[in-house]
Amino acid sequence: MALSDFLPDDWRDATLLGRIDFGQGPTPVLIRDGRVEDVSRIAPTTSDLMNAFAPGAAIPRGEDLGPLEALDLRAVWENPEGAAAKLLAPVDLQVLKAAGVTFAVSTLERVIEERARGDAAAALKIREQLSASMGGDLRSVNPGSDGAERLKQTLIADGLWSQYLEVAIGPDAEIFTKGPTLSSVGWGDQVGVRSDSHWNNPEPEVVLLCDGSGRIRGASLGNDVNLRDFEGRSALLLSKAKDNNASCAIGPFFRLFDDAFSLDDVRSAEVTLKITGRDNFVLDGHSNMSLISRDPAVLAGQAYGKQHQYPDGFVLFLGTMFAPIQDRDAPGQGFTHKVGDRVRVATPKLGVLENEVTTCDLAAPWTFGVSALIRNLAGRGLL
């Protein structure tokens, strides 16, 4: 299995930003013209690289490490101990931010979670009730508009209003911190769900890369793993549902904006999801970013501004368009992960993010934090 199989269809014409550990520690790399460049002497982190060069500015060539095909990079399920290098999440000092409830289908599923109080068995009946009352479609509602306010008042009168509908069609988007800096995992690694969760799912998303001035510089794929039973019991359990060991995956690389790739490509991206279980269960899904309720630039603008600054930059998960409800075991129980599930998130312009599901307590512990990164970079003479 070659890494090139997981890259954008036109990867030889793309500029890809990532991080690779060649055995000494995280090294920022650029892939240009099909070759890998070590740019650590230009900027020791991907955060520094984005802050050092303005959008559209030419980034100097780094140390040529040869063609991408020559790199020995493998997924964790392919005997990683034998690999010469490991592909890491393509972010380091950037803050991990996420936007929630940004698609109509996921909005209704959040409302269902809330009303089911985390009980998967109750979800089917509630889903049918909501579909009958609301038509099951919020795509025509412009968030923050007069029409959205009128709908809100109608739903309040019918006893159907929810805090999730507030952030879905109200003036303010839900923007939260997904996890600590440096806690994300990359392509080919294991992604974790809590061992005490019994109703959970992947959240395949497009992820924006923003520099320290809030400018959107590129995009990648992400899996913002969610525990539906935890968040369904109470929205105040969001942190326990979201911020867990190995629960944030990004990769394989960030594709930087240039003449061949722009924010318009993000807006029109067709994203697919495929889950393959050891029990021979298969789930396929697809959706288009054009269905998002708020424009990606609007979401980034709500994450950064006079109220919030991120000098090292940030990444922003744009919200999931998927809410898997296909029954996996008993009828009416819906979908939940099992250990060993292989999750593939893909779109032609960004490639394929693939991870294997485990439980958070069995995933590799997160031990490499900010202080470890500083010591590592200093020891390699990069600071």
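Laid out as a table, the results:
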{"item": "Subset of the range 171-186 [touching a residue at least 40 places away in the same chain (Cβ under 8 Å) and surrounded by fewer than 18 Cβ atoms within 10 Å (Cβ to Cβ)]", "result": "D172, F176, T177, P180"}
{"item": "Members of the range 191-212 found to be farther than 20 Å from F230 by Cβ and touching a helix residue (DSSP H, G or I) at 6+ places or on another chain (Cβ under 9 Å), listed by number", "result": "V206, L208, L209, C210, D211, G212"}
{"item": "Residues (among the β-branched types (V, I, T) and either assigned to a strand (DSSP E or B) or within 16 Å of F335 (Cβ to Cβ) (or both)) located in the range 179-213", "result": "V185, V191, V193, V206, V207"}
{"item": "Per-region count, the range 312-345, residues open to solvent by 20 Å² or more (accessible area, probe 1.4 Å), outside any loop (DSSP other than H, G, I, E, B) and either polar (S, T, N, Q) or under 13 Å from T272 (Cβ atoms) (or both)", "result": "1"}
{"item": "Selection within the range 254-277 - in a strand (DSSP E or B), open to solvent by less than 30 Å² (accessible area, probe 1.4 Å) and either within 25 Å of N201 (Cβ to Cβ) or of a type in the set (S, T, N, Q) (or both)", "result": "F254, V271, L273, I275"}
{"item": "Qualifying residues in the range 214-246 (those that are in a loop (DSSP other than H, G, I, E, B) and touching a residue at least 40 places away in the same chain (Cβ under 8 Å)) - the one most open to solvent (accessible area, probe 1.4 Å)", "result": "R215"}
{"item": "Matching residues, the range 189-204, being over 22 Å from R117 (Cα atoms) and modelled with pLDDT under 95", "result": "P204"}
{"item": "Residue satisfying condition, being in a helix (DSSP H, G or I), free of Cβ contacts under 8 Å to residues at least 12 places away in the same chain and either out of contact with any Leu (no Cβ under 7 Å at 6 or more places or on another chain) or among the small types (G, A, S) (or both), within set E114, E81, E69, E109", "result": "E81"}
{"item": "Failed condition for A120, given (1) in contact with a helix residue (DSSP H, G or I) (Cβ under 9 Å, 6 or more places away or on another chain); (2) open to solvent by less than 50 Å² (accessible area, probe 1.4 Å); (3) modelled with pLDDT of 75 or more", "result": "(3)"}
{"item": "Lone qualifier among S293, S287 - being outside any helix (DSSP H, G or I), buried (at least 22 other Cβ atoms within 10 Å of the Cβ) and modelled with pLDDT under 95", "result": "S293"}
{"item": "Whichever residue in the range 161-177 is of a type outside the set (S, T, N, Q) and touching a helix residue (DSSP H, G or I) at 6+ places or on another chain (Cβ under 6 Å) and, among such residues, is modelled with the highest pLDDT", "result": "I175"}
{"item": "Any strands (runs of 3 or more DSSP E) falling wholly within the range 1-48 and containing at least 2 residues that are open to solvent by less than 20 Å² (accessible area, probe 1.4 Å), touching a residue at least 60 places away in the same chain (Cβ under 8 Å) and hydrophobic (A, V, I, L, M, F, W, C)", "result": "16-21"}
{"item": "Test set (1) in a loop (DSSP other than H, G, I, E, B); (2) open to solvent by less than 30 Å² (accessible area, probe 1.4 Å); (3) closer than 22 Å to G340 by Cβ - I250 fails condition number", "result": "(1)"}
{"item": "Number of the exception - Q302 against (1) assigned to a helix (DSSP H, G or I); (2) more than 27 Å from R127 (Cα to Cα); (3) open to solvent by 70 Å² or more (accessible area, probe 1.4 Å)", "result": "(3)"}
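The values are calculated or read from the model by the stated rules, or taken from the named source; none is laboratory data. Quick caveat, the model's predicted, so the values are computed rather than measured. Cβ atoms come from the backbone with ideal geometry, glycine included; neighbour counts cover every protein chain shown. Quick note on the areas: whole protein, heavy atoms, side chains included, nothing else; ligands and nucleic acids left out. Shrake-Rupley method; radii C 1.70, N 1.55, O 1.52, S 1.80 Å.
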